[in-house]
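Working notes for the structure below.
No value in this document is a laboratory result; all are computed from the given coordinates. Predicted model, so just to flag it, every value in this text is computed and none were measured. FYI the Cβ positions are ideal-geometry reconstructions off the backbone, even for glycines, and counts take in every protein chain you see.
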Protein chains: 2
Amino acid sequence: MKRIAGILITSLAASMLVAGGASANGNKQPKLSDKEMEKASEIYFDRCSGCHGVLRGGATGPDIRPEKTLKKSLAKLEKILYDGTEGGMPGWGKDGLISKADIKLLAKYVQVDAPVPPAWDMKKTMASWEVLVPVDKRPTKAPNTNWQNYFGVVQRDAGLVTIIDGDTKEKIVTLPSGFATHILRTSSSGRYLYAIGRDGKASMMDMWASPPNLVAKVRTGIDARSIDTSKYKGFEDKYVVVGNYWPSHYVILKGDTLEPIKIVGTSGYTHDTNEYRLESRVASIVASHHAPEWVLNLKEMGTVLLVDYSKVENGTVTETMINAERALHDGGWDSTKRYFLVAANMRDTISVIDTVDRKLVKNIKVGTKPHPGRGANWVDPEFGNVWATVHLGEGLVSIISTDPSKKHAWTVVREWELDGNSLFIKTHDKSKYVYCDNTINKNKSNVLTIFEKNKPNAAPKEITFKKKVVHMEFNKDGDEVWVSLWDAKGEIVVIDDKTLEIKKRITGLDSPTGKFNIYNTTHDVY
Amino acid sequence: MKRIAGILITSLAASMLVAGGASANGNKQPKLSDKEMEKASEIYFDRCSGCHGVLRGGATGPDIRPEKTLKKSLAKLEKILYDGTEGGMPGWGKDGLISKADIKLLAKYVQVDAPVPPAWDMKKTMASWEVLVPVDKRPTKAPNTNWQNYFGVVQRDAGLVTIIDGDTKEKIVTLPSGFATHILRTSSSGRYLYAIGRDGKASMMDMWASPPNLVAKVRTGIDARSIDTSKYKGFEDKYVVVGNYWPSHYVILKGDTLEPIKIVGTSGYTHDTNEYRLESRVASIVASHHAPEWVLNLKEMGTVLLVDYSKVENGTVTETMINAERALHDGGWDSTKRYFLVAANMRDTISVIDTVDRKLVKNIKVGTKPHPGRGANWVDPEFGNVWATVHLGEGLVSIISTDPSKKHAWTVVREWELDGNSLFIKTHDKSKYVYCDNTINKNKSNVLTIFEKNKPNAAPKEITFKKKVVHMEFNKDGDEVWVSLWDAKGEIVVIDDKTLEIKKRITGLDSPTGKFNIYNTTHDVY
C-alpha cells in the first residue's frame, strides 16, 4: 500500500497542477511576502501571462516554471526581464515599462510556484448575469437606417464600444464593455453585437434599437479572449460561446439573453507529448457554416476542437479533437469557409483544418510568429485563391494557396516583405489592395503599407500618419478602409479604397483598436 | 488592473483545484507534520478515497473538503470515523479496521487541504510500457483446447490472475497483474485478456499461448478501475482503453501491444451545477457494438461520454457528452446491447443511455446505492425483457423493463427482497435462475441467494457456504455458476445450474474475487 500512497504524498510543486515543479538540481526557491506575491502577480498578469500563461507553462512565450527558472541565477533573470530577448520578449526595463525594483521582484516571483487562480463556475457566472432589456421590450423590426453598415469600434483601455454609422461617419452611441475589450462578433443575422473583455465580461448590444443599446451582460471567467455565435442554418442567433483563458473552459450562452447554459472544461493533454495542462487556453473561436459547430483553438494543447452545439439544451455537446500544432492563436476562413487557417505562432506555423472532412490538412511553415487576425483572402493573378498572414516576429506577408485543386495548394506561394513586425492584414473582394499595419515596428508604427493584388512584385505604397496605426476594417460596400490611430486622443481615419485618399477623420476616441463592420463581421468578409 | 489581479492572488484553498476551500466561519485548519500527512494520506487513500475522492469532493460518499469538515469539531469527526454513518460509511473504529490514534489523525487530516497527487503523463506511461512477447513471436492460431471456456480469476490481494480451464477445472497458469486487480476484459475475438489494477497497471494475456502468458504491460496512472477494448466491426482487437481515477483521464492503447497512443483528460464541470472538478474519475467503460465507440462514465461530473476511437491514430477523438446523474459507477448493456444502464449510486438512480440515438433515455429511481456490476438480463414472465441491479445500501433487487415497446418500459416493474446489502447479481440466457451474493451483509455474507425467473413471487432458494461468497460467473455453455469464497485460503465453487448442487471445488486461491469467462466477457453475456 505504501507504494501507492507514497506517490500521493507530494508537494504542490511536484503535483500535476503546477506540473514541472522545482528542480532538485537548481537554485532554491526564494521567499516572497504576501504583499510581494500580490504585487508580482499583478505585474505578471498584466505583462507576462498573455505569452507565458498564468501557470507559466508557456505557449507564445517559453515555459518559465520554477523547474526552468531555478536553473538560472536571479541576476540572469533580471537581465532578461530588463533587456528582453531575441525571441521577441520586450525589454521591459529598457523600454521603461517596468521599474528596476519591480524587475528584481519579478525575477524572484518566476522562481516560486505560480499561485493558482480561483475557480469561476456556474454559480459565479449566474450571479454576474444581467438582462438589461428583456426580449419582449426590444424592437421587432430593423431600424430605417443602413444598420448593417454600422461599425463597432473598441476603445480598448476605456472599456468602451462606440457604434459609428458607416454611412454618415457619426458616432451613434458609446456603450460600456469589459476591461480591455478584445474583440466584437455578431449574431448570424447581424442584429446583435457581442463584445468580450479580457476580464471575461461578455456584453451584448442590439443594433435594431435606436440608438443601439446594451441588452445583456455576463461574466464567464477571469480572463478571456474569444466569443462567437451559432451561424449554421436553423441555429441563427440561438447561441453564443465565450472562450476563456482562465479558468480554461468555454461557456455556452443563449443568443438572445446571454443566459448561461453550459460550461465545458478544456484542461487536458498536449496533442504531441501528452503532458497535462491545467491551463489550456481557448485562444480563438470561429463559427462553422457547414455544420452546427464552433471551431475552438486550444493554445497549450495544440488541439482544434470542433464543438457541436446542436443538442446543448439537452446538455449534450460533442467535441471532435483534431491534433494541430502548439501555441494556437488566431485565424480565419479561406474564401470558401470550408478551411480554417490558424496560426501556431511560437511554431512559425499555419495549421489548416478541413471542417467538412474534419481533419488537419497540413501544418505550413511560414515566417516568425504568424499573427493573421482573421487573415485576408484574395485571388492572386498567378496562383488563384490565396489567404495571407503577417507576423509578430518578422516583416513578412506569407501568402498561401487555398485552392485544393492546385498542385501548389497549401504551400506558401508568395512572400511580401515588410519593414518590420506587424499586427494585422486586411482586404475585401472589391478592393484591389491588401493593407498591412506596422504597429509593432518601432520605426514605422505610423505607416500603413499597401500592396496591390494584381501587381504582386511591385513595391508597396505607404500612407504615413502622425500616430501609431492599428487594425483595418472595410465598410459594407468595400470601398472604404477604416484604420485606427491608437492613443488616448485617438481617431479613426477613413480612407477611400480607390484613391487611397483620406475621406474623413472621426476624432475623440480613447485608444481605438479593433473596428467591426456589422455586415463584414456577420459574413466573415476578410 | 488591480481588480483582475486581485482575483489572482489566492491561497490554494480558494483556488479551483481544491475548490471548496476553508470556511471563514468554521474552525481553523489544524497543523500536521510531514510524517503525519504521509501516514494520514496513506490511510485515506486506502480506506476513504474510493468513496470521497482523493481531493474529497465526494461521489459515492459526501463532499468532505475542509469547507465542510471545518464546520464540525474534531470530536464529532472522530465519532463519525469510529462509528460510521447511517448513509453507509463503515464504522472504521468499531469494526477494528482503524486504530483510535489513527482516527484522531484522520479527523485532523480531513480538515486540512488535500494534497494534490502528481501527474502521470505520456513520458511516465511510455517508460512503464513493456512488450514481453512481440506480436511475431506469438501463436498464429488458436490452441486445440476449448479456450473460449477459460476463466480468468482475480486473486485480488495477491495481484495475480489465474487462468482456469472451464472444461477440466484445472488451473492452467497464474500470471502477475496489478495491485488489487479490479476487473478483466477481453479483446473482441476473445484471444486477449486484459487486467487493470487499482494502481493503474494494465496487463495483457494471450489465451492462444499454451499456457496463456503475459505479453505486454503498461502503467497508465496512479489509480484506475476500468479497461475495455474496441469491439465494433472493423476495429476488432485494435484498441484498448483504460479509465483512470487519478489522474482523471483515459488512455488509448494499441490492442496487440498496449503501446500508448493518446491520453485524454476528463476533468471538467459537473453536469448539473457546472462546478469544476479536477478529480473527475472514469468509473467504468463498456464497448459499443453499434458504433466505433466506448461508453465512459464520469463519476463526479455525472456525464456519460461516447468516445469515438475510429480516427485515434490521426490523433482525433470525438467525445459526445451526455448529462446523466452524479456518482456514476458501474453498469451494463440491456439484452439488445443498444441501451446502457449505469448506476449513480449516491443518487439511488439507474441512468439509461441510448447509444444509437445518443441520449439519456431516463434516470430511474431504484433502491439505496444500486451496484449492478454489469447487471443481469432475462425475460420476466409478465414484463418481458428486464435488467436488474442489487444495492450497496439495502437488501433489494430492482428489476427494470428494458423493452421500449412496452408502456412500462424503463420503470421498476418488480422488486425482490434480500436480507441485506449485496455486491453482485448474475444470470445467463440458458439459466432459469438469478443469483445474488450477500457479501456485505454481515449476517449472511456466506449465503448465495437464488431467485427463479419464472416464479418471481416465490421465496428464493439459498446455498450456504463456510466463507464469504462474492461474485458469480457462468461458464460458456451457461450450465454452471462459479462463485468465489473470499479469503486468503479461498476457493472457487462450481455449482450445477440445473440442480444447484456443487460440482467442483477449486482450492488454493488467495482472495479470489472476480471471475471472467472468456466467451461471456467477449460477448457481454450477463
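Some notes on this structure:
- Extent along principal axes [Cα atoms of the protein assembly as shown; Å; largest to smallest]: 100, 63, 59
- Members of A:LYS231/A:LYS254; A:LYS35/A:LYS201; B:LYS169/B:LYS468; B:LYS35/B:LYS108 lying beyond 19 Å, as alpha-carbon distances in this model show: A:LYS35/A:LYS201; B:LYS169/B:LYS468
- When only alpha carbons are used to place a centre, segment B:90-145 and segment A:318-345 end up 39 Å from one another.
- Once backbone amide H atoms are built at 1.01 Å from N, A:SER226 has A:GLY243 as its partners under 5 Å, excluding neighbours fewer than 5 places away on the same chain.
- Using a 7 Å Cα-to-Cβ projection, B:ASP479 label spacings across copies, nm, ascending: 9.2
- What the Cα convex hull of chain A gives, in volume per residue, is 160 Å³.
- The calculated 222 nm mean residue ellipticity attributable to helices in chain A amounts to -3000 deg cm²/dmol, summing -39500 (n - 2.57) over DSSP H runs of n ≥ 4 and dividing by all residues.
- The fewest-to-most ranking of B:GLU293, B:GLU319, A:GLU501 by surrounding Cβ atoms within 10 Å reads A:GLU501, B:GLU319, B:GLU293.
- Sorted by Cβ neighbour density within 10 Å, fewest at the top, the residues A:PHE465, B:PHE383, B:PHE451: A:PHE465, B:PHE383, B:PHE451
- Among the trypsin sites (Lys or Arg not before Pro) within segment A:205-265, those in coil by DSSP and having at most 12 neighbouring Cβ atoms inside 10 Å are A:LYS233.
- Likely footprinting exposure, A:ILE164, B:ILE425, B:ILE502, fewest C-beta neighbours within 10 Å first: B:ILE502, A:ILE164, B:ILE425
- Charge tally for B:TRP120 (other residues, Cβ to Cβ under 10 Å; Lys, Arg +1; Asp, Glu -1): +1.
- Ascending distances from the A:ASP354 label point to its copies in the other chains, with the point 7 Å along the Cα-to-beta-carbon line: 3.3 nm.
- In a fully extended conformation the segment linking B:VAL173 and B:THR507 would gain 118.8 nm over its present Cα-Cα distance, using 0.36 nm per residue.
- Rounded to the nearest 0.05, the FRET efficiency derived from the C-beta distance between B:LYS233 and B:SER99 at R0 = 60 Å is 0.60.
- Label-point spacing for B:ASN144 across the identical copies (point 7 Å from Cα in the Cβ direction), in nm and ascending order: 9.8.
- Segment A:173-232 and segment A:461-523: distance between their alpha carbon centers, rounded to Å: 21
- Distance between modelled label sites at A:ASP165 and A:LEU500, nm, 7 Å Cα→Cβ extension: 3.2
- Karplus (6.51, -1.76, 1.60) ³J(HN,Hα), θ = phi - 60°, over segment B:357-372, in Hz, Gly and Pro reported as x: 7, 6, 7, 6, 7, 5, 9, 9, 6, 10, x, 7, 6, x, 9, x
- Pairs of alpha carbons in segment A:312-390 whose separation is greater than 18 Å (percent): 44
- Stretch gain in nm, segment A:GLU313-A:THR140, where the contour uses 0.36 nm per residue and the Cα spacing is subtracted: 59.8 nm
- Dipole of the protein assembly as shown computed with +1 at Lys/Arg Cβ and -1 at Asp/Glu Cβ about the Cα centre; of A:LEU214, A:ASN385, B:PRO30, farthest Cα towards the positive end is B:PRO30.
- Evaluating 6.51 cos²θ - 1.76 cosθ + 1.60 at θ = phi - 60° for every residue in segment A:84-90, the Karplus couplings come out as x, 9, 5, x, x, 6, x Hz, glycine and proline recorded as x.
- Efficiency of FRET between A:LEU74 and B:LYS442 - r from beta-carbon atoms, R0 51 angstrom, step 0.05: 0.20
- On the beta carbon distance between A:VAL379 and A:ASP63, with R0 = 41 Å, the FRET formula returns roughly 0.50.
- Rounded to the nearest 10 degrees, the angle from helix B:100-109 to the longest Cα principal axis of chain B is 70 degrees.
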